[in-house]
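The structure appears below as structure tokens.
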Amino acid sequence: PAFEPTPGTFQMRSPYEPRGDQPTAIAHLVKGLGRGTPRVVLAGATGTGKTFVLAHAIEALSKPTLVLAPNKVLAAQLWSELHSLFPDNCVKFFCSHFDFYRPESYSRATDNYVEKRSATNSRIDALRHDATRSLLERRDTIVVATVSCIYGLGMPAEYVESAVPLQEGQPWASPAALADTIASLRYAPGSSDRGSYSLAEN
């Protein structure tokens with residue numbers, strides 16, 4: 001299927017205006033990133049409005065943006081701030097979906113092998129897919145992520161090929177044909193739980 005991202009511009013909403021050194025910082029960020037400078041550093045103490053400056057740069061450049069944070073706590077904080085500054089745009093969250101992960105290990109001293117163990121969070125996994133889908137569908141997307149996003153969800157081309165875009169009023173040969181298409185994506189008939197689907201009789 002072909003995905004055509006809808007055009008969109010970023011519209012920041014805040015009752016505050018840049019003050020102090022912030023206008024200069026915004027101008028330097030926009031100028032450097034706008035001309036393709038690979039690295040532009042914004043340095044500032046805690047509470048000086050670095051996220052506010054970043055938001056103004058995002059609005060000015062109006063490009064899909066990836067914001068990286070070193071851990072889930074800071075990523076959630078950044079998401080909350082950017083989501084409040086861009087309520088009309090698409091601000092998504094992408095982080096590791098493991099609640100627990102212990103890699104496999106082997107001790108030569110005791111000749112003991114421990115298998116890998118892990119537990120995943122289905123809600124966070126759904127947020128990861130939601131962020132990926134948004135990048136395919138909308139240009140006005142900000143993804144706030146932890147460094148685990150470097151692993152992504154696989155190759156983009158394969159991800160798109162395994163998806164079926166659906167729209168209200170879209171024609172199908174029959175309900176059975178639609179059900180077969182959904183089932184080919186490994187959805188199971190059932191309730192409204194994640195990974196299942198149901199078709200109305202009409």
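The values are calculated or read from the model by the stated rules, or taken from the named source; none is laboratory data. None of the values given here were measured: they were computed from a predicted structure. Quick reminder, even Gly has a Cβ in these numbers, built from the backbone with ideal geometry, and neighbours come from all protein chains shown. These accessible areas exclude ligands, DNA and RNA; they are computed on the full protein's heavy atoms, side chains included. Shrake-Rupley method; radii C 1.70, N 1.55, O 1.52, S 1.80 Å.
The alpha carbons of segment 1-95 occupy a box of 48, 32, 29 Å along the principal axes, longest dimension given first. Between amide H atoms placed 1.01 Å from N, distances below 5 Å from VAL67 occur with VAL143, VAL144, ALA145, all of them 5 or more places distant or on a separate chain. Solvent exposure of segment 69-202, expressed per residue, is 69 Å² of accessible area, with all protein chains present and a 1.4 angstrom probe. Between ARG13 and ARG186, the FRET efficiency from the beta-carbon distance, with R0 = 35 Å, is close to 0.30.
Rounded to the nearest 10 degrees, the angle from helix 22-34 to the longest Cα principal axis of the chain is 60 degrees. Each residue was assigned an accessible area with a 1.4 Å probe, and for PHE86 the value is about 0 Å². Spatially, segment 110-124 and segment 57-93 are offset by 31 Å when compared through their Cα centroids. Backbone geometry of segment 87-99 corresponds, through the Karplus equation with coefficients 6.51, -1.76 and 1.60 at θ = phi - 60°, to 3J(HN,Hα) couplings of x, 9, 10, 9, 10, 10, 10, 9, 8, 4, 9, 8, 7 Hz, x marking Gly and Pro. Counting every pair of alpha carbons in segment 111-177, the share spaced more than 19 Å apart comes to 54 percent. Mind checking the angle between helix 72-85 and the chain's longest principal axis? C-alpha axes, 0 to 90 degrees, to the nearest 10. So the helix axis and the longest Cα principal axis differ by about 70 degrees. Surface listing: ARG186, ARG133 arranged by accessible area from highest to lowest gives ARG186, ARG133, probe 1.4 Å. Checking every one of the trypsin sites (Lys or Arg not before Pro) in segment 1-95 against DSSP loop status and a limit of 10 other Cβ atoms within 10 Å picks out ARG19, ARG35, ARG39. Just the protein heavy atoms count here, and of the accessible area of segment 78-130 at 1.4 Å, carbon and sulfur take up 48 percent. As a size descriptor, the averaged projected area of the C-alpha convex hull of segment 77-141 was calculated at 6.3 nm².
Hydrodynamic radius of segment 41-188 by the Kirkwood approach over all distinct alpha-carbon pairs: 18.5 Å.
Working from label points 7 Å from Cα in the Cα-to-Cβ sense, the SER107 to ASP21 distance is 5.2 nm.
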